[in-house]
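In what follows, a single structure is set out as structure tokens and then discussed.
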Amino acid sequence: MIQIITGDKGKGKTKVLIDKVNNEVKVVAGSVVFIDNNNKHLYELSNRVRMINCTNYEVNNLEMFAGFVLGIISQTKDIEKIYIDNFTSVAYVNKEQVKVALDIINNISEKFNISIIICFATDSSDVPDEYKDNIIAAL
């Protein structure tokens, strides 16, 4: 299952996401991965979290991002949670692709039984209807 954190730019979405990561890493038995498009929050994350800056891997479209996530999962069998900050930037998703992107990530989440928490700058009213129940924070 995916969970979504939304809100306008500068409203504190990443802070909420980082707090969630650092609280949940204390209670999970498996691995936790944090994907972003920079290393800005590296020192705010627990050292138990695997931080991945996807710009280091030349990801430049949604299909490549989906393959990138699948590659991470294939190399670490005990992943319980994946956190994705700046989702639309990291996955190269424009406004028209949001539903398709969420469908792809949700399918990956369900297939591998991994909780994926997505954070992106949009108003909660712009989240596709099928995913409104997945919103855990709207700032």
Worksheet item: List the pairs whose first member sits in region 123-137 and is touching a residue at least 12 places away in the same chain (Cβ under 8 Å), whose second member is part of a helix (DSSP H, G or I) and hydroxyl-bearing (Ser, Thr, Tyr), and whose Cβ atoms are under 8 Å apart, counting only residues at least 6 apart or on separate chains?
Response: 135/124
Fill in: Residue satisfying condition, being charged (D, E, K, R), in a strand (DSSP E or B) and either over 27 Å from residue 132 (Cβ atoms) or in contact (Cβ under 8 Å) with a residue 40 or more places away in the chain (or both), within set 81, 9, 26, 40
81
Discussion item. What's the number of the only condition in (1) in a helix (DSSP H, G or I); (2) free of Cβ contacts under 8 Å to residues at least 60 places away in the same chain that residue 106 fails to meet?
Written reply: (2)
Worksheet item: Would region 100-110 turn up any residue that is among the acidic types (Asp, Glu), loosely packed, with under 15 Cβ neighbours inside 10 Å and modelled with pLDDT under 95?
Response: no
Discussion item. Which of the numbered conditions does residue 74 fail, given that it passes all the others? Conditions: (1) buried (at least 16 other Cβ atoms within 10 Å of the Cβ); (2) out of contact with any strand residue (DSSP E or B) (no Cβ under 6 Å at 6 or more places or on another chain); (3) in a helix (DSSP H, G or I); (4) not basic (Lys, Arg).
Written reply: (1)
Fill in: Residue check for residue 46: of a type in the set (Ser, Thr, Tyr), part of a loop (DSSP other than H, G, I, E, B) and either touching a Lys or Arg at 6+ places or on another chain (Cβ under 9 Å) or at pLDDT below 95 (or both)
yes
Worksheet item: Within region 53-68, can one find any residue that is more than 21 Å from residue 12 (Cα to Cα) and touching a residue at least 40 places away in the same chain (Cβ under 8 Å)?
Response: yes
Worksheet item: Only one residue in 6, 14 is in contact with a Lys or Arg (Cβ under 8 Å, 6 or more places away or on another chain) and more than 18 Å from residue 111 (Cβ to Cβ), so which one is that?
Response: 6
Item to complete: Identify, by number, the condition in (1) closer than 15 Å to residue 4 by Cα; (2) under 11 Å from the mean Cα position of the chain (by Cα); (3) of a type in the set (Val, Ile, Thr) that residue 114 doesn't meet.
Response: (2)
Discussion item. Among the residues of region 84-99, what is the count of those that are surrounded by fewer than 20 Cβ atoms within 10 Å (Cβ to Cβ) and outside any loop (DSSP other than H, G, I, E, B)?
Written reply: 7
Worksheet item: Somewhere in region 111-128, is a residue touching a Ser or Thr at 6+ places or on another chain (Cβ under 7 Å), part of a helix (DSSP H, G or I) and at pLDDT below 95?
Response: yes
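The values are calculated or read from the model by the stated rules, or taken from the named source; none is laboratory data. Quick caveat, the model's predicted, so the values are computed rather than measured. Backbone-built Cβ (ideal geometry, glycine too); neighbour counts: all protein chains shown.
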